[in-house]
Amino acid sequence: MNNELFTQAKTSGVLSKELVCYLRESMEYSSLGFINDAIDILKILKMRIDRGDKIKDEVSGVIYNDKEFRNFVKKNFSGYIYGQVFTPLRKDEKVYFNLQECEGGYELVLGSKDDKVYKWISSMNEKFSLVYMIATKVVYIKNIKANTYTPFISSNGKYCRYDESVGKLIEL
C-alpha cells in the first residue's frame, strides 16, 4: 500500500485525484491484497465523513456527506467493495482515534487500540500516579485502583503540562 496515500486518507480534507486513481487501479489487479487496500482506505474515508469531517473531491468539488459518498463508491467500485465499505459495524467492533497536533489545536486521526494515550511520570503512593497525556503533555492524577484520571491542578488553580527535558510540571 502507498503509505503517503494512506496517510492522506487519514488526515487530508481533500480526496485527491491521485488517491482516486490509486483506488481505481487497485481494482484492475484483481488481487485480494490490492482490493483490501482500497476497502481499508474507503472505510477510513467513510468513518471520517460519519464523524463530520469535511472531505472535498479535488476533481468534482463535491463535499462528501454519507449519501454522496455512497454514490461515489457505488459508481466507481465493484459491488463487493461497496458491500465491504458499507456493512454496519458489529457491536463489539470499535474504532480508535488519536489526538494529533495541528494549527489551532488538535484533530482526531485514526489510531489503533494498542496506541498509548498516557505516559507515566511518577508514583505518588500505592493509589495514585502522575501521568501525562502524550499528545498534549497535560498532567493527570491516575487513581490506580479505580483506573480514573483527574487533571492535575496547581495551587494557583491552573492546569499543568509536563516538560520531559527538565522533569518539571509547568503551569499553563
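The values are calculated or read from the model by the stated rules, or taken from the named source; none is laboratory data. From a predicted model like this one, the values you see are computed outputs, not experimental measurements. Every residue, glycine as well, gets a Cβ built from its backbone with ideal geometry; the counts of neighbours run over all protein chains shown. Side chains included, ligands, DNA and RNA excluded: accessible areas come from the protein's heavy atoms. Shrake-Rupley method; radii C 1.70, N 1.55, O 1.52, S 1.80 Å.
Things to note:
- The one condition from (1) open to solvent by 70 Å² or more (accessible area, probe 1.4 Å); (2) among the aliphatic types (A, V, I, L, M); (3) at pLDDT 85 or above that Leu32 does not meet is (3).
- Among (1) closer than 19 Å to Gly105 by Cβ; (2) surrounded by fewer than 13 Cβ atoms within 10 Å (Cβ to Cβ) - the single one Asp163 does not satisfy: (1)
- Matching residues, the stretch 105-133, being within 23 Å of the chain's Cα centre (by Cα), over 18 Å from Glu171 (Cβ atoms) and of a type in the set (Ser, Thr, Tyr): Tyr106, Ser112, Tyr118
- The set of residues in the stretch 150-171 that are among the hydroxyl-bearing types (Ser, Thr, Tyr) and farther than 15 Å from Ser122 by Cβ comprises Thr150, Ser154, Ser155, Tyr159, Ser165.
- Residue in the stretch 137-149 that is modelled with pLDDT of 95 or more and among the charged types (D, E, K, R) present: yes
- Selected residue (criterion: farthest from Gly13 (Cα to Cα)) from residues of the stretch 48-59 that are among the aliphatic types (A, V, I, L, M) and at pLDDT 90 or above: Ile49
- Residue count for the stretch 44-68 satisfying the condition of being under 17 Å from the mean Cα position of the chain (by Cα) and either of a type outside the set (Lys, Arg) or open to solvent by 70 Å² or more (accessible area, probe 1.4 Å) (or both): 10.
- Lone unmet requirement of (1) loosely packed, with under 13 Cβ neighbours inside 10 Å; (2) under 27 Å from the mean Cα position of the chain (by Cα) for Thr136: (1)
- On inspection, Val62 passes the criterion of being more than 25 Å from Asp114 (Cα to Cα), touching a strand residue (DSSP E or B) at 6+ places or on another chain (Cβ under 8 Å) and modelled with pLDDT of 90 or more.
- Where a residue in the stretch 155-172 is in a strand (DSSP E or B) and its partner, wherever it lies, is among the charged types (D, E, K, R), with Cβ under 7 Å and at least six apart: Cys160/Glu171; Arg161/Lys137; Tyr162/Lys137; Ile170/Arg161; Ile170/Asp163; Glu171/Lys158
- One residue stands out among those in the stretch 8-24 that are touching a strand residue (DSSP E or B) at 6+ places or on another chain (Cβ under 9 Å) and under 15 Å from Val109 (Cβ atoms): the one that is least open to solvent (accessible area, probe 1.4 Å), which is Ala9.
- Pairing each residue of the stretch 1-26 that is over 13 Å from Asp57 (Cα atoms) with any residue that is among the β-branched types (Val, Ile, Thr), provided the two are 6+ apart or on different chains, yields C-beta distances under 7 Å for Phe6/Ile41; Lys10/Ile44; Lys10/Val109; Thr11/Val109; Leu23/Ile41; Ser26/Ile35.
- Cβ-Cβ under 8 Å pairs, at least 6 apart or on other chains, the stretch 118-130 side closer than 11 Å to Lys142 by Cβ and open to solvent by 80 Å² or more (accessible area, probe 1.4 Å), far side among the basic types (Lys, Arg) and assigned to a loop (DSSP other than H, G, I, E, B): Lys127/Lys145
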